[in-house]
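Everything on this sheet refers to the single structure shown next.
The values are calculated or read from the model by the stated rules, or taken from the named source; none is laboratory data. The structure displayed is predicted, hence computed values, not measured ones. Cβ sites come from the backbone with ideal geometry, for glycine too, and all protein chains shown count toward neighbours. Accessible surface is based on the protein model in full, side chains and every heavy atom, while ligands, DNA and RNA are left aside. Shrake-Rupley method; radii C 1.70, N 1.55, O 1.52, S 1.80 Å.
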Amino acid sequence: QAQLVESGGRLVQTGDSLRLSCVASGRTFSNNAMGWYRQAPGKEREFVASCDWKGGTRRYSDAVKGRFTISRDNAKNTVFLQMNSLEPTDTAIYYCAASRHAAAVALETITTWGQGTQVTVSS
(Lines give C-alpha, C1' and ligand atoms only; values in the text may rest on other atoms or scores of the structure.)
Protein backbone atom coordinates (compact mmCIF):
# COMPACT_ATOMS: atom_id res chain seq x y z
CA GLN A 1 0.00 0.00 0.00
CA ALA A 2 1.32 3.42 -0.94
CA GLN A 3 2.29 5.62 1.99
CA LEU A 4 3.68 9.07 2.54
CA VAL A 5 5.48 9.73 5.81
CA GLU A 6 6.38 13.26 6.87
CA SER A 7 9.05 14.20 9.37
CA GLY A 8 10.97 17.22 10.56
CA GLY A 9 8.30 19.14 12.40
CA ARG A 10 9.07 20.49 15.86
CA LEU A 11 8.86 23.53 18.11
CA VAL A 12 10.92 26.48 16.90
CA GLN A 13 11.13 30.21 17.52
CA THR A 14 10.12 33.08 15.27
CA GLY A 15 12.70 33.57 12.54
CA ASP A 16 14.02 30.00 12.67
CA SER A 17 14.22 27.58 9.77
CA LEU A 18 13.00 24.01 9.37
CA ARG A 19 13.14 21.43 6.63
CA LEU A 20 10.31 18.97 6.35
CA SER A 21 10.71 15.68 4.53
CA CYS A 22 8.14 13.37 2.99
CA VAL A 23 9.22 9.85 2.09
CA ALA A 24 7.12 7.63 -0.12
CA SER A 25 6.92 3.89 0.34
CA GLY A 26 4.95 1.10 -1.27
CA ARG A 27 5.23 2.69 -4.69
CA THR A 28 7.12 5.44 -6.42
CA PHE A 29 5.61 8.87 -6.91
CA SER A 30 8.35 10.01 -9.27
CA ASN A 31 5.78 10.51 -12.05
CA ASN A 32 3.36 12.48 -9.88
CA ALA A 33 3.13 16.11 -8.90
CA MET A 34 3.58 16.53 -5.15
CA GLY A 35 2.45 19.15 -2.70
CA TRP A 36 2.38 20.36 0.86
CA TYR A 37 -0.73 21.47 2.71
CA ARG A 38 -1.19 22.63 6.28
CA GLN A 39 -3.98 22.83 8.81
CA ALA A 40 -3.95 25.13 11.80
CA PRO A 41 -6.22 24.55 14.82
CA GLY A 42 -9.78 25.52 14.02
CA LYS A 43 -9.01 26.21 10.37
CA GLU A 44 -9.44 24.36 7.10
CA ARG A 45 -6.58 22.61 5.39
CA GLU A 46 -4.83 25.00 3.03
CA PHE A 47 -2.42 24.73 0.14
CA VAL A 48 1.21 25.62 0.86
CA ALA A 49 3.37 24.55 -2.08
CA SER A 50 3.58 22.13 -5.00
CA CYS A 51 5.85 21.03 -7.80
CA ASP A 52 5.53 18.86 -10.87
CA TRP A 53 7.05 15.41 -11.29
CA LYS A 54 10.45 16.85 -12.20
CA GLY A 55 10.50 19.34 -9.36
CA GLY A 56 9.66 22.26 -11.62
CA THR A 57 6.54 24.42 -12.02
CA ARG A 58 6.69 25.33 -8.35
CA ARG A 59 3.69 27.07 -6.88
CA TYR A 60 3.35 28.69 -3.47
CA SER A 61 0.60 30.26 -1.44
CA ASP A 62 0.91 33.99 -0.94
CA ALA A 63 1.44 33.39 2.78
CA VAL A 64 4.71 31.49 2.25
CA LYS A 65 6.02 32.83 -1.05
CA GLY A 66 9.60 33.97 -0.69
CA ARG A 67 10.10 32.07 2.57
CA PHE A 68 9.37 28.41 1.71
CA THR A 69 10.90 26.26 -1.02
CA ILE A 70 9.63 22.91 -2.25
CA SER A 71 12.00 20.42 -3.83
CA ARG A 72 12.18 16.71 -4.51
CA ASP A 73 14.67 13.89 -4.96
CA ASN A 74 13.00 11.23 -7.08
CA ALA A 75 15.91 8.84 -6.63
CA LYS A 76 15.08 8.82 -2.90
CA ASN A 77 11.30 9.08 -3.30
CA THR A 78 11.42 12.16 -1.11
CA VAL A 79 9.88 15.62 -1.21
CA PHE A 80 11.16 18.47 0.93
CA LEU A 81 9.79 21.74 2.22
CA GLN A 82 12.44 24.21 3.32
CA MET A 83 10.85 26.80 5.59
CA ASN A 84 12.73 29.97 6.46
CA SER A 85 11.82 33.02 8.51
CA LEU A 86 9.12 31.10 10.32
CA GLU A 87 6.29 33.03 11.95
CA PRO A 88 3.74 32.04 14.60
CA THR A 89 1.09 32.02 11.84
CA ASP A 90 2.97 29.11 10.26
CA THR A 91 2.02 26.93 13.22
CA ALA A 92 0.06 23.98 11.84
CA ILE A 93 0.15 20.32 10.97
CA TYR A 94 1.89 19.98 7.63
CA TYR A 95 0.74 17.28 5.22
CA CYS A 96 2.44 15.87 2.16
CA ALA A 97 0.20 14.94 -0.78
CA ALA A 98 0.54 13.15 -4.09
CA SER A 99 -1.49 14.08 -7.14
CA ARG A 100 -2.79 11.72 -9.79
CA HIS A 101 -1.37 14.14 -12.35
CA ALA A 102 2.24 14.73 -13.31
CA ALA A 103 2.05 18.47 -13.64
CA ALA A 104 -0.18 19.92 -10.94
CA VAL A 105 -1.67 19.44 -7.52
CA ALA A 106 -5.18 20.40 -6.45
CA LEU A 107 -7.40 19.07 -3.70
CA GLU A 108 -9.50 17.14 -6.19
CA THR A 109 -6.45 15.47 -7.75
CA ILE A 110 -4.84 14.19 -4.55
CA THR A 111 -4.75 10.41 -4.24
CA THR A 112 -2.51 9.98 -1.21
CA TRP A 113 -2.00 11.98 2.00
CA GLY A 114 0.63 11.63 4.67
CA GLN A 115 -0.26 11.54 8.34
CA GLY A 116 1.17 15.01 8.99
CA THR A 117 3.95 16.53 11.05
CA GLN A 118 3.44 19.26 13.65
CA VAL A 119 5.24 22.57 13.26
CA THR A 120 4.93 25.02 16.13
CA VAL A 121 6.46 28.48 15.98
CA SER A 122 6.66 30.38 19.25
CA SER A 123 6.79 34.17 19.41
Quick one: 3J(HN,Hα) in Hz for the range 76-82, Karplus 6.51/-1.76/1.60 with θ = phi - 60°, rounded, Gly and Pro as x.
10, 6, 10, 10, 10, 9, 8
Kindly work out what percent of the DSSP beta bridges joining two residues of the chain are antiparallel, to the nearest 5.
90 percent
Taking amide hydrogens as modeled 1.01 Å from N in the peptide plane, which residues meet the under 5 Å criterion relative to residue 67, leaving out close sequence neighbours?
none
Relative contact order for the chain, counting Cα pairs under 8 Å that sit 6 or more residues apart, in percent:
36 percent
Which of 59, 27, 38 moves the most in a Gaussian network model of the chain with Cα springs under 10 Å?
27
Gaussian network model of the chain, springs between alpha carbon atoms under 10 Å - residue of 67, 100, 58 with greatest fluctuation
67
Cα-centre dipole for the chain with unit charges at Cβ (Lys and Arg positive, Asp and Glu negative), debye to 20
300 debye
Top positive-direction residue, dipole computed over the chain with Cβ charges, set 31, 88, 71:
31
Once you've got the GNM for the chain with C-alpha springs shorter than 10 Å, pick whichever of 20, 11, 86 has the biggest mean-square fluctuation.
11
Using the crude model of +1 on Lys and Arg Cβ and -1 on Asp and Glu Cβ, and no other charge, please compute the dipole size for the range 33-105 relative to its Cα centre, in debye to 20.
220 debye
Reachable lysines, given that their alpha-carbon falls under 23 Å from the alpha-carbon of residue 43 and they are not under 8 places away in the same chain:
65
Regression test value, accessible area per residue of the chain, probe 1.4 Å, units Å², expected 51 Å²
Over the range 33-123 - Rg/Rh using Cα atoms and the Kirkwood inverse-distance radius:
0.95
Let me spell out the model: positive unit charges on the Cβ of Lys and Arg, negative unit charges on the Cβ of Asp and Glu, origin at the Cα centre of the range 67-111. What dipole size does that give, in debye rounded to 20?
180 debye
How many percent of the accessible area of the range 9-78 is carbon or sulfur, using a 1.4 Å probe?
45 percent
Isolated cysteines for the chain, Cβ-Cβ cutoff 4.7 Å, are 51
